[in-house]
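Taken together, the values in this text are just the output of simple stated rules run on the coordinates, not laboratory data. Predicted model, so just to flag it, every value in this text is computed and none were measured. Every residue, glycine as well, gets a Cβ built from its backbone with ideal geometry; the counts of neighbours run over all protein chains shown.
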Amino acid sequence: MKEKSTFGKFIIKKRKEKGLTQKELAELLFVTESAVSKWERGVSYPDISLVSDICEVLGITEHELVTASEDVRQREMERQAQKFRNMVKAYAWVFYILYGGGLLACLITNLAVNHRLSWFFIVLTAVLTAFSLTSLPLILKKNRAVWTLATFYVSLNLLLFTCCVYTGGNWFGITFISILFAAVVIFLPFILRALPLPGGLYRHRTLLCFTVDTFLLFLLILGACWYSNTADQFLKTACPITAIGLIFPWILMLVIRYIRLNPLFLTGICCFLTGIYSYLVNGAINGVLEGIPFALPVHNFSRWSDPYIDGNIKLIILISCICMGAVFVVGGIALEVKKQK
C-alpha cells in the first residue's frame, strides 16, 4: 500500500505541474475521473496499456512512471541534448544568412559595377566550397563523411576552374592533378578499406594504393613538365629521378607487407635498406642529371671538405643503419629463441 501511495503522490505532483484537474487528465486519457482519483489515492494502479499515454500527457518517461520518481540524470541528458540541437540549428541558420547575404550583396555589386556577372562566380564557388565543409555535414543524415569530402573536392575544383577562366590562365590542369593526387594519397586507403573488394584484391590494398599513387605522381610530373614547357625532359630526366625516389618507399612497403617475419627482423631489414639506399641514391641521381656513369661516394675521414664531406656523412649513415639493423636482428633471434622455449 505504501508503494501505491508513493505512486499516487507522484501522479498528483506531475498533474499539478501540468496545470490539469483530475477531470481534465481523465478526459485526455479517455478514462473516468474516478479511475484517476483511485490512482492518486493509492487504491489502484493504471492499466499497463495506459502507460505510454500517461507519460505523454504528464511529460515524463516510463522509467519515472514505474519508479514514481524523477530521473534527474536522464532529464539532464535530454536537456543537454536539446540544448546542443538548438545550438546546431542556430549555427546552421547563422551560416545560411551569412552565405545568402554575402551572395546577394556580391550579385548586386557585380551587376551594378560591371553590368554583367563576372567575378561573382568566384564568390559563388568559394561559398559552395565553404558550405560543403560548414553546413552540408549538418544536413546529411547518411554517409556524411563521404558526401562531405566528395562535395568539397568538386566545389574546390570548380572554384579553381572559375579563377583560372576569370584570370585567363592555363594552370587548371596541373592544379586539378595536384589536388587529385593529394586526395588519393590521403583518402584512398580509407576508401579501399570500406569497399567490399574481392578477397584476393582486399589483401593487396596497400599494393593497390601504391600503384595508384605512383601512376598519379608520374601524371602530375608530366603535367608539370608540360606546364613549364619542358615536356622533352619528362622521359629523359623527370621519370628516372622520380623512379629513383620511389624505389625506397616501394621496397619498404614490399618488405613490411609481404615478408612474414617477426617485427624485429623486419625493422632490422628496413634499417639495412635505409643505409644502403642513402649511400647509393646520390650517385644514381647525379648519373641521371649529369649523364655520367654511376659512382660511389668518395670518403676520407681525415679530410672533411669537398669532395669528401658528403661521402663521409653517407658512410657514417650507412654504418649507423647497419649497426642498428644488426641490433634489431639479434633482438629478433632472441625473440624466436624465446618462442621456441
**Asked** Among Leu195, Leu107, Leu28, which one shows the biggest mean-square fluctuation in a GNM of the chain, springs joining Cα atoms closer than 10 Å?
**Response** Leu28
**Item:** Tensor-based shape of the range 259-341 (alpha-carbon gyration tensor, a/c under 1.5 rounded, otherwise prolate or oblate)
**Value:** oblate
**Alpha carbon centroid spacing (whole Å) that separates the range 159-191 from the range 246-270** = 33
**Prompt:** Going by alpha carbons, how many degrees (0 to 90, nearest 10) lie between the helix axis of 72-114 and the longest principal axis of the chain?
**Reply:** 60
**Prompt:** GNM, the chain, Cα, under 10 Å: largest mean-square fluctuation among Gly200, Gly42, Gly245?
**Reply:** Gly42
**Fill in**
Between [x] 23.2; [y] 20.9; [z] 28.7, the structure-derived Kirkwood radius over Cα pairs in Å is [z]
**Sites Ala183 and Leu254 - FRET efficiency at Förster radius 30 Å, r taken between beta-carbons, to 0.05** = 0.75
**Prompt:** What residue among Val43, Val165, Val329 has the largest mean-square fluctuation in a Gaussian network model of the chain, using Cα springs under 10 Å?
**Reply:** Val43
**Message:** If you take every residue apart from Leu266 with its C-beta less than 12 Å away from the C-beta of Leu266, what net charge results, scoring Lys and Arg +1 and Asp and Glu -1?
**Reply:** +2
**Fill in**
Between Leu158 and Asn300, Cβ-based FRET efficiency (R0 41 Å, step 0.05) works out to 0.10
**Message:** For a Förster distance of 35 Å, can you work out the FRET efficiency between the beta-carbons of Glu17 and Val88, rounded to the nearest 0.05?
**Reply:** 0.75
**Fill in**
To the nearest 10 degrees, the tilt of helix 309-340 (Cα long axis) against the first principal axis of the alpha carbons of the chain is 50
**Request:** Just check the range 2-70 against the gyration tensor rule for me: Cα atoms, a ≥ b ≥ c as the square roots of the eigenvalues, rounded for a/c under 1.5, and otherwise prolate or oblate depending on whether a/b exceeds b/c.
**Result:** rounded
**Fill in**
Computed over the chain: longest principal axis from alpha-carbon atoms vs helix 205-227 long axis, angle to nearest 10 degrees, is 60
**Message:** For the pair Ala334/Phe30, report the inter-label distance in nm, with labels modelled 7 Å from Cα in the Cβ direction.
**Reply:** 7.9
**Asked** So how far apart, in nm, are the two label points at Lys341 and Ile139 if each is 7 Å from Cα heading toward Cβ?
**Response** 6.6
**Request:** May I ask you to list the chymotrypsin sites (Phe, Trp or Tyr not before Pro) in the range 268-310 that are in a DSSP loop and have at most 11 other Cβ atoms within 10 Å of their Cβ?
**Result:** Phe294, Phe301, Trp304
